[in-house]
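Beneath this line is the structure, given in structure tokens, with notes to follow.
The values are calculated or read from the model by the stated rules, or taken from the named source; none is laboratory data. Note that the structure is a prediction, hence the values are computed from the model and not measured. Using ideal geometry, Cβ is built from the backbone for each residue, glycine included, and neighbour counts are taken over all protein chains shown. Surface areas here come from the heavy atoms of the whole protein model, side chains and all, with no ligands, DNA or RNA. Shrake-Rupley method; radii C 1.70, N 1.55, O 1.52, S 1.80 Å.
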Amino acid sequence: MTDSMLFFIKAVFLGLIEGITEFLPISSTAHLLLVGGWIGFDSGNAKVFEVVIQFGSILAVMWVFRSRLWQLVHGTFTGVRSEVLFTRNLIIAFLPAAVIGALTIKYIKMLFHHPIVFVVTLIAGGLIMLWVERKPHFAKNASNETAASEHVSARTLEEISWRQALAVGFAQCLAMVPGTSRSGATIISGMLAGIHRKTATEFSFFLAMPTMLAATAYDLYKNGVGISPDVSVAIIVGFIAAFLSALLVVRALLTFISRYTYRPFAWYRIALGLVVLLWLWRSGAM
């Protein structure tokens, strides 16, 4: 097997990992960078591969929600109040990450080269999830519609207020730090802001569409010229693998996330963080 063929096989493998982990609160970026390092996959200093293939997963969500997306677009342009408000909330939630990300992306990408960052964010994120799930209004199974009635003020996408959308938007900024998890940060913050778990999940993935499209376009604009032919092909095959794997599992994952607590994912994050810490210690990287 040639080195080029092995490189592309690794790209497909990482694409599959991206498609599966993008929708779980365990950080797809951390998995891409850590697994990529462990299998010897070098995508270059710009880390364009890791950013761009994430949009493949988001395209899968766009396909799954294509009817609702069309309803949103059509309703916004025809003046349907509920759709106009939903679009307004998406814009409000998108702006913090767009502005802060554009100003800090150079510094954020420097963190991609420091695995100890993953240790901190994975473990801290897991502890935060456990803390949130211990709160009385989140303790019951999310399928129980009567649970947390006093805390929840938005049970549908149309009921989300601009303040709740802004809270989710600022939480999404935290996810720019590798290992934080965009879906985890936005869903948890939405729940804390008073959005029903299932609705917070749906809003998180609708918000991912413009966010990841902007991140992909910006990264390609800034670093596209310097991408080698091999990395370009790797991006294409990884993108396709991420799209296909996400398409196969997105419905099941969205259903699971909307119905059950985050405790299993929290413990997984903590365990993975400890594994990375042990690996850094044994390899002398600390």
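When the helices in the chain are scored as -39500 (n - 2.57) per DSSP H run of 4 or longer and the sum is shared across all residues, what 222 nm value do you end up with, to the nearest 500 deg cm²/dmol?
Helices in the chain give a 222 nm mean residue ellipticity of -25000 deg cm²/dmol.
Let me know the longest stretch in the chain that avoids all trypsin sites (Lys or Arg not before Pro) found in a DSSP loop with at most 12 other C-beta atoms within 10 Å.
The longest such stretch corresponds to 141-286.
Per residue of the stretch 119-133, in order, report the coupling 6.51 cos²θ - 1.76 cosθ + 1.60 (Karplus, θ = phi - 60°) as ³J(HN,Hα) in whole Hz, putting x for Gly and Pro.
4, 5, 6, 5, 5, 4, x, x, 5, 5, 4, 5, 5, 5, 5
Given the Cα-Cα distance of Trp267 and Val99 and 0.36 nm per residue of separation, how much length would full extension add, in nm? Can you show the working numbers first?
Values: separation 168, 0.36 × 168 = 60.48 nm, distance 3.27 nm.
Value of the extension gain: 57.2 nm.
Could you provide, to the nearest whole Å², the per residue accessible area of the chain with probe 1.4 Å? Provide the component values of the computation, followed by the final result.
On the way: 13740 Å² over 286 residues.
That works out to 48 Å² per residue.
Out of Thr186, Thr29, Thr261, any idea which swings most in a Gaussian network model of the chain, alpha carbons joined below 10 Å?
Most flexible of the set in this elastic network: Thr261.
Mind putting together the pair-distance distribution for the chain? All Cα pairs, 10 Å bins, whole percent per bin, short to long.
Reading the bins upward from 0: 7, 28, 36, 21, 7, 1, 0.
For the stretch 1-86, build the charge dipole from Cβ charges (+1 Lys, Arg; -1 Asp, Glu) around the Cα centre, then report which of Phe86, Val35, Leu16 sits farthest towards its positive end.
Looking along the dipole axis, the top candidate is Phe86.
Which residue fluctuates most in the GNM of the chain (Cα springs below 10 Å): Gly56, Gly40, Gly126?
Of Gly56, Gly40, Gly126, the most mobile in the Gaussian network model is Gly40.
I'm checking a number: the convex hull volume of the Cα atoms of the stretch 1-133, normalised per residue, in Å³. What is it?
Taking only Cα atoms, the stretch 1-133 has a hull volume of 155 Å³ per residue.
If the reach is capped at under 13 angstrom between alpha carbons, list the aspartates and glutamates near Lys109, excluding any in the same chain fewer than eight residues apart.
Glu50, Asp219
State the extension gain, in nm to one decimal, for the chain segment bounded by Ala124 and Asp230, taking 0.36 nm per residue of separation less the distance between their alpha-carbons.
Net length gain for the segment: 34.5 nm.
Carbon and sulfur atoms: what percent of the 1.4 Å accessible area of the chain do they account for?
69
State the percent of C-alpha pairs, over all pairs in the stretch 194-264, separated by a distance greater than 16 angstrom.
65
Tell me the GluC sites (Glu not before Pro) within the stretch 146-205 that lie in a loop according to DSSP and have at most 13 other beta-carbon atoms within 10 Å.
Of the GluC sites (Glu not before Pro), the ones in loops of the stretch 146-205 whose Cβ has at most 13 other Cβ atoms within 10 Å are Glu150.
Suppose each label sits 7 Å from its Cα in the direction of the beta carbon; what would the Thr156-Ser283 distance come out to in nanometres?
5.0
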